[in-house]
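Working notes for the structure below.
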Amino acid sequence: MSAPLIERSAAALADALASGETTSVELTQAFLRRIAAVDGAVHAFLHVDAEGALAAARASDERRAAGTPASALDGVPVAVKDVLATEGLPTTCGSRILEGWRPPYDATVVARLKAAGLPILGKTNMDEFAMGSSTEHSAYGPTHNPWDLDRIPGGSGGGSAAAVAAFEAPLAIGTDTGGSIRQPGAVTGTVGVKPTYGGVSRYGLVAMANSLDQAGPVTRTVLDAALLHEVIGGHDPLDSTSIDQPLPAVVDAARAGAEVDLAGLRVGIVAELGGEGYQPGVQQRFDEAVELLVEAGAEVVQVSCPSFVHALAAYYLVMPSEASSNLARFDAMRYGLRVLPEGVDSPSAEDVMRATRDAGFGDEVKRRIILGTYALSSGYYDAYYGSAQQVRTLISRDFAAAFERADVLVSPTSPTTAFKLGEKLDDPLAMYLNDVATIPANLAGVPGISVPAGLAAEDDLPVGFQVLAPATADDRLYRVGAALEALLEQQWGGPLLSADQLALETEEHA
Amino acid sequence: MPDISREQVRHLADLARIELDDAELDHLAPQLSVILESVASISEVATDDVPPTSHPLPVTNVFREDVVRPSLTPEQALSGAPAVEEQRFAVPRILGDEQ
């Protein structure tokens, strides 16, 4: 007997559509039912577009019937992080300042999803403007981790990761500026990929830090991530930082990886990304996963990237600097919220800006804008922003040296498993430390994947295994990720995630 | 020492066009001090001969042919505006009383 539709991988759903076992309308309805049943508890979605998704599903079924599917994933539904512009659908970035805004155009990623025939189920929750590691900074309330509803789903893309983990969507799109795809993947037991910077178009992605932001796939399997990567990736003339060369063969790499032959592969363990500060159960699962790779023929090399210890500091100067500049566009004049200051007769545009930005931005956004304004102000620019840019160079050099000795680098994705909601909400520094292992990749522009590595012994919560590759060698992530996934599933007797084990109140269980 | 005063935060918020009330200043100033303290060592890491990186990949200017392409209609461009008048964005007065 085959698994219920919502529990199958996107690749399996594509097969079921191709064989005529199901239709896109049936599939889309199944996911919409699941969303109705569990999203009250999970809150992965800010907006569900049942009507639009079903219309797209009907169109997909017609193409299928005519023998002209638009892509391998035609008809398989997807959820999109609310930071990507969707024509006619609300796009809030998790912020009050964009409440009710409906963009008049699609982001390139969204346009490509539509062109490939994937019905869009809705928009997923996120930390406001992607600033956070827990989704608690969303102005519309936090998302809950499907493994334990009292815990964070990671961030900023907690909504996309939770939607996929709770079987509310087979596929989702996230964005990763300092770990916002990979860390939520790690703490929800799902797969998340940050492509090479420039590998996926940023056109229509509301910028937080434009030299770091990158959209990518959020899925339950490595092959699904590769399939989705192929749909959204590749050169886009609308993004001047888009890489003008063909995407590496990521789907082929995922399929080859699943054959589990890693002979000749050099795996570098980064000394600075592990050990002290990492939860013992996280470190243990990581060490065991490395052992599995060795058994499959990989050779382990110890590498040191001494500048990585300064990555967090460099990141928390570069990112707020860029954010303070990018978020200047929210000025209450052309779109979004406009708040008139109280008790002011005939307020000026500047008065209105001040009042609007106070009312429309949450604490974390204000912190980062002010921090960035500080780092860029005269007298501090060289000491802060200038120094951070130099450290960025050192980090890139460390990567270059490490990739001389290793084909991929590996580490735990996140130093801990999912923490309790509220635990770090008012301690920004503690929150920032969640991204200590993911940030170096963003600063250097290299790609990374997080793959589930099992559950930590002390709390039975998911642990993520991170693989990093040189820029434009995204295929290596998929080869190694798919191999590790196959080896671990052999050990577990199936995927880490199953709908049965989740503590979700569903209509079926009620 | 990068201790950031309440007055400095008020000034920075002013530069960033964010109205902060006293309660917010009390709340944000100490947090910003802690964050700044944690990143302060950054200026001691790199020697002068290390060039800065502003972008992860080499960026060059990108050109395209100067041809008309589809773009937003005025209605679409104005669709999200808080206020519209005669097919234009309507904004509050931009000059102060003293100007």
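Quick look at the numbers
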{"item": "Enumeration of residues in the range B:17-30 that are within 19 Å of A:SER325 (Cα to Cα), open to solvent by 10 Å² or more (accessible area, probe 1.4 Å) and of a type outside the set (Lys, Arg)", "result": "B:GLU19, B:LEU20"}
{"item": "Within the range A:80-124, considering residues that are small (Gly, Ala, Ser) and touching a Pro at 6+ places or on another chain (Cβ under 9 Å), the one nearest to A:HIS137 (Cα to Cα)", "result": "A:GLY100"}
{"item": "Selection status of B:LEU36, surrounded by 10 or more Cβ atoms within 10 Å (Cβ to Cβ), within 20 Å of the chain's Cα centre (by Cα), more than 7 Å from chain A (Cβ to nearest Cβ) and not charged (D, E, K, R)", "result": "yes"}
{"item": "Residue list for the range B:43-97, filter: over 25 Å from the mean Cα position of the chain (by Cα) and part of a helix (DSSP H, G or I)", "result": "B:GLU44, B:PRO74, B:GLU75, B:GLN76"}
{"item": "Residue within the range A:472-481 that is more than 22 Å from the chain's Cα centre (by Cα) and among the basic types (Lys, Arg) present", "result": "no"}
{"item": "Failed item, numbered, when B:SER43 is tested on (1) more than 9 Å from chain A (Cβ to nearest Cβ); (2) open to solvent by less than 60 Å² (accessible area, probe 1.4 Å)", "result": "(1)"}
{"item": "Matching helices (runs of 4 or more DSSP H) fully within the range A:413-510 where at least 3 residues are in contact with a strand residue (DSSP E or B) (Cβ under 9 Å, 6 or more places away or on another chain) and under 20 Å from A:TRP147 (Cβ atoms)", "result": "A:474-492"}
{"item": "A:SER346 open to solvent by 10 Å² or more (accessible area, probe 1.4 Å), more than 9 Å from chain B (Cβ to nearest Cβ) and not in a helix (DSSP H, G or I)", "result": "no"}
{"item": "Subset of the range A:416-444 [at the interface with chain B (Cβ under 9 Å from one of its Cβ atoms), touching a residue at least 60 places away in the same chain (Cβ under 8 Å) and not polar (S, T, N, Q)]", "result": "A:PRO428, A:TYR432, A:LEU443"}
{"item": "Any hit, the range A:280-299, residues being in a loop (DSSP other than H, G, I, E, B) and of a type in the set (Phe, Trp, Tyr)", "result": "no"}
{"item": "Residues of the range A:235-252 that turn out to be among the aliphatic types (A, V, I, L, M) and either part of a loop (DSSP other than H, G, I, E, B) or facing chain B (nearest Cβ under 9 Å) (or both), as a count", "result": "4"}
{"item": "Subset of the range B:1-20 (residues that are of a type outside the set (Gly, Ala, Ser) and closer than 20 Å to A:ALA328 by Cα)", "result": "B:GLN8, B:VAL9, B:ARG10, B:HIS11, B:LEU12, B:ASP14, B:LEU15, B:ARG17, B:ILE18, B:GLU19, B:LEU20"}
{"item": "Condition check for A:GLY277: at positive phi and open to solvent by 10 Å² or more (accessible area, probe 1.4 Å)", "result": "yes"}
{"item": "In the range A:1-54, the residues that are more than 29 Å from A:GLU128 (Cα to Cα) and open to solvent by 50 Å² or more (accessible area, probe 1.4 Å)", "result": "A:MET1, A:SER2, A:PRO4, A:GLU7, A:ASP15, A:ALA18, A:SER19, A:GLY20, A:GLU21, A:THR23, A:GLU26, A:GLN29"}
{"item": "Matching residues in the range A:349-363 - criterion: being part of a helix (DSSP H, G or I) and either open to solvent by 10 Å² or more (accessible area, probe 1.4 Å) or facing chain B (nearest Cβ under 7 Å) (or both)", "result": "A:ALA349, A:GLU350, A:ASP351, A:VAL352, A:MET353, A:ARG354, A:ALA355, A:ARG357, A:ASP358, A:ALA359, A:ASP363"}
{"item": "Subset of the range B:84-99 [facing another protein chain (nearest Cβ under 7 Å) and open to solvent by less than 60 Å² (accessible area, probe 1.4 Å)]", "result": "B:PRO92, B:GLY96"}
{"item": "Matching residues in the range B:55-82 - criterion: being surrounded by 13 or more Cβ atoms within 10 Å (Cβ to Cβ) and either farther than 30 Å from A:ILE395 by Cα or at pLDDT 90 or above (or both)", "result": "B:GLN76, B:ALA77, B:LEU78, B:SER79, B:GLY80, B:ALA81, B:PRO82"}
{"item": "Set A:VAL303, A:VAL222: member being farther than 30 Å from A:LEU13 by Cβ and touching a Gly at 6+ places or on another chain (Cβ under 6 Å)", "result": "A:VAL303"}
{"item": "Candidate set: the range A:297-336, residues that are at the interface with chain B (Cβ under 7 Å from one of its Cβ atoms) and hydroxyl-bearing (Ser, Thr, Tyr); chosen: the one nearest to the chain's Cα centre (by Cα)", "result": "A:TYR316"}
{"item": "Residues of the range A:305-340 satisfying the condition of being outside any helix (DSSP H, G or I), in contact (Cβ under 8 Å) with a residue 40 or more places away in the chain and either of a type in the set (Gly, Ala, Ser) or farther than 30 Å from B:GLU19 by Cα (or both)", "result": "A:CYS305, A:GLY336"}
{"item": "All positions within the range A:411-422 that are among the aliphatic types (A, V, I, L, M) and open to solvent by less than 10 Å² (accessible area, probe 1.4 Å)", "result": "A:ALA418"}
{"item": "Residue match in the range A:392-407 (condition: of a type in the set (Asp, Glu) and more than 30 Å from A:VAL303 (Cα to Cα))", "result": "no"}
{"item": "Test: A:VAL83 is open to solvent by 50 Å² or more (accessible area, probe 1.4 Å), under 26 Å from A:TYR335 (Cβ atoms) and either of a type in the set (Lys, Arg) or touching a strand residue (DSSP E or B) at 6+ places or on another chain (Cβ under 6 Å) (or both)", "result": "no"}
{"item": "Odd one out for A:PRO440, checked against (1) on the phi > 0 side of the Ramachandran plot; (2) touching a Cys at 6+ places or on another chain (Cβ under 9 Å)", "result": "(1)"}
{"item": "Residue tally, condition surrounded by 24 or more Cβ atoms within 10 Å (Cβ to Cβ) and facing chain B (nearest Cβ under 7 Å), over the range A:391-410", "result": "2"}
{"item": "Conditions (1) open to solvent by 10 Å² or more (accessible area, probe 1.4 Å); (2) more than 30 Å from A:MET431 (Cβ to Cβ); (3) small (Gly, Ala, Ser); (4) touching a helix residue (DSSP H, G or I) at 6+ places or on another chain (Cβ under 8 Å); number of the one not met by A:GLY75", "result": "(1)"}
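Here is a yes/no grid of residues against (1) within 14 Å of chain B (Cβ to nearest Cβ); (2) assigned to a loop (DSSP other than H, G, I, E, B); (3) of a type in the set (S, T, N, Q); (4) open to solvent by 20 Å² or more (accessible area, probe 1.4 Å):
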position: A:ALA79; (1), (2), (3), (4): no, no, no, no
position: A:GLY88; (1), (2), (3), (4): yes, yes, no, yes
position: A:ARG102; (1), (2), (3), (4): yes, yes, no, yes
position: A:TYR105; (1), (2), (3), (4): yes, yes, no, yes
position: A:ALA111; (1), (2), (3), (4): yes, no, no, yes
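The values are calculated or read from the model by the stated rules, or taken from the named source; none is laboratory data. Note that the structure is predicted; figures quoted are calculated from it, not measured. Quick reminder, even Gly has a Cβ in these numbers, built from the backbone with ideal geometry, and neighbours come from all protein chains shown. Note: accessible area is taken over every heavy atom of the protein model, side chains too, but ligands, DNA and RNA are not part of it. Shrake-Rupley method; radii C 1.70, N 1.55, O 1.52, S 1.80 Å.
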